[in-house]
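The values are calculated or read from the model by the stated rules, or taken from the named source; none is laboratory data. Predicted, not measured: the structure shown is a model, and the values here were computed from it. Neighbour counts run over all protein chains shown; Cβ positions are idealised from the backbone, glycine included. In case anyone asks, the SASA skips ligands and DNA or RNA and just uses the protein heavy atoms, side chains included. Shrake-Rupley method; radii C 1.70, N 1.55, O 1.52, S 1.80 Å.
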Amino acid sequence: MRIVITGGSGFIGRRLVARLLEQGDQVLVLTRRLEQARRILGESPNLKLLPYDPYQPQAWAAALEGYEGIVNLAGEPLASSRWTETKKKEIRRSRVETTQALVQALASLNQKPQVMISSSAVGYYGSHPEGDPLTETDPPAQDFLAGVCQAWEAAARPVEELGIRLAILRTGIVLGPDGGALGQMLAPFQFFIGGTIGSGKQWLSWIHREDWVSLVCFLLEQGSGVFNATAPNPVQMEEFCRTLGQVLGRPSWLPVPELALELLLGEAAQVVLTGQKVIPQAALQMGFTFQYPQLKEALRQILLIHLR
């Protein structure tokens, strides 16, 4: 296929680009930071990088002509700093307005793509400390992140009116060997000071990055609607940290208090202090097979790469 990706140099995007190139697909990455993307993604005869302003679709829409698939991953990182009002506006704008601009670009094409895969997040469901299983049919919450997710998904839906098949991915915590949430958690464990974050009772809906990429490739070929991009076996934070310690051969004994995270990150701390037990019901019903459905096997594979 010929595929366009926004957010292609990020933690999950870069691995998706690599997989598509491995499969022989042709990939166009729209990027705001050309040199950085070039360093991260390298060079390939099947890879093109196009610098773009995501809010000015008229300048780059024509470059999408003839591409068969769109994967929309653009978005400001959530937990990189405190959620000031400015940061909140950028979190929302970088998801909602960029998606609206992408849809506008697609509407202008003579030859429209067959499929668009657009990001969302499990934050759609809000905090569910009671641990009731949540599937794609459960309603949204009313907090900030849930509101962003609802607007983000709504911004993508007009492509269906253009005759483009749409799949929305509500992604959980993505685990991989070179960054992401796991990368931030490794250092304390490696120095023997790792431990549970917050109460430890919050549910963590995680997915191995390879399974996330495989799900995207699966949906490029078939399927429409909303899909929870999470492993079928979510765990509570205390189990996650205990398992991480076991795989590393390190203790999990020094908890990180909720207050410390709240002082450091403010409202953004809710990303790690609250959680939900999300089940990928739609993907399972379509016959998608997870290579890493269990946490211990996922961590073993990731850390084998990380610690080489």
For the chain, averaging the sequence separation of alpha carbon pairs under 8 Å that lie six or more residues apart and dividing by its residue count, the contact order in percent is 18 percent
Any residue on another chain or 5+ positions along whose placed amide H is under 5 Å from the amide H of ILE5 is listed here as LEU28, VAL29, LEU30, VAL71
Phi-derived 3J(HN,Hα) across segment 93-100 with the Karplus relation (6.51, -1.76, 1.60, θ = phi - 60°), rounded Hz, x for Gly and Pro, is 4, 5, 9, 6, 6, 5, 5, 4
Most packed first (mean Cβ within 10 Å per residue), the peptides 20-33, 113-126 order as 113-126, 20-33
Most packed first (mean Cβ within 10 Å per residue), the peptides 97-109, 7-19 order as 7-19, 97-109
Counting only protein heavy atoms with a 1.4 Å probe and every protein chain in place, the carbon and sulfur fraction of the accessible surface of the chain in whole percent equals 51 percent
Chymotrypsin sites (Phe, Trp or Tyr not before Pro) in segment 41-99 lying in a DSSP loop, each with at most 12 other Cβ atoms within 10 Å of its Cβ, come to TYR55
Once normalised by the length of segment 121-224, the mean sequence separation of its alpha carbon contacts under 8 Å that are 6 or more apart gives a contact order in percent of 27 percent
Taking only Cα atoms of segment 77-149, the Rg to Rh ratio with Kirkwood Rh works out at 1.06
Computed over segment 33-128, the relative contact order (Cα-Cα under 8 Å, seq sep at least six) in percent reads 38 percent
Stokes-Einstein, Kirkwood over Cα pairs, the chain, 4 °C, 1.567 mPa s; D in µm²/s equals 65 µm²/s
Kirkwood Rh for segment 164-231 from C-alpha pairs, in Å, is 13.8 Å
Taking a straight Cα-to-Cα line shorter than 29 Å from LYS201, and setting aside same-chain lysines fewer than 8 residues away, one finds LYS87, LYS88, LYS277, LYS296
For LYS48, counting only aspartates and glutamates whose alpha-carbon sits under 20 Å away and dropping same-chain residues fewer than eight positions off, the answer is GLU22, ASP25, GLU35, GLU65, GLU68
Excluding residues fewer than 8 positions from LYS89 in its own chain, the aspartates and glutamates with Cα under 19 Å of it are ASP53, GLU76, GLU97, ASP143, GLU153, GLU267
In whole Hz, the Karplus estimates of ³J(HN,Hα) for segment 7-23 (6.51, -1.76, 1.60; θ = phi - 60°; x where Gly or Pro) are x, x, 9, x, 4, 8, x, 5, 6, 4, 4, 4, 5, 4, 5, 4, 7
In debye to the nearest 20, the charge dipole size for the chain, taken about the Cα centre with +1 at each Lys and Arg Cβ and -1 at each Asp and Glu Cβ, equals 660 debye
Listed by chain and number, the residues whose amide H is under 5 Å from that of ILE197, excluding neighbours fewer than 5 places away on the same chain and using placed H, are VAL256
Expressed per residue, the solvent accessible area of the chain in Å² (1.4 Å probe) is about 44 Å²
Sorted by chain and then number, the residues having a modelled amide H within less than 5 Å of the amide H of ALA229, at least 5 places away or on another chain, are ARG170, THR171, GLY172
What helix-only [θ] at 222 nm does the chain give? Using -39500 (n - 2.57) per DSSP H run of at least 4, over all residues, to the nearest 500, the answer is -11500 deg cm²/dmol
Under Stokes-Einstein, segment 53-181 at 37 °C and 0.692 mPa s, with its Kirkwood radius over C-alpha pairs, diffuses with a coefficient in µm²/s of 207 µm²/s
Among beta bridges assigned by DSSP with both residues in the chain, the antiparallel ones amount in percent, to the nearest 5, to 5 percent
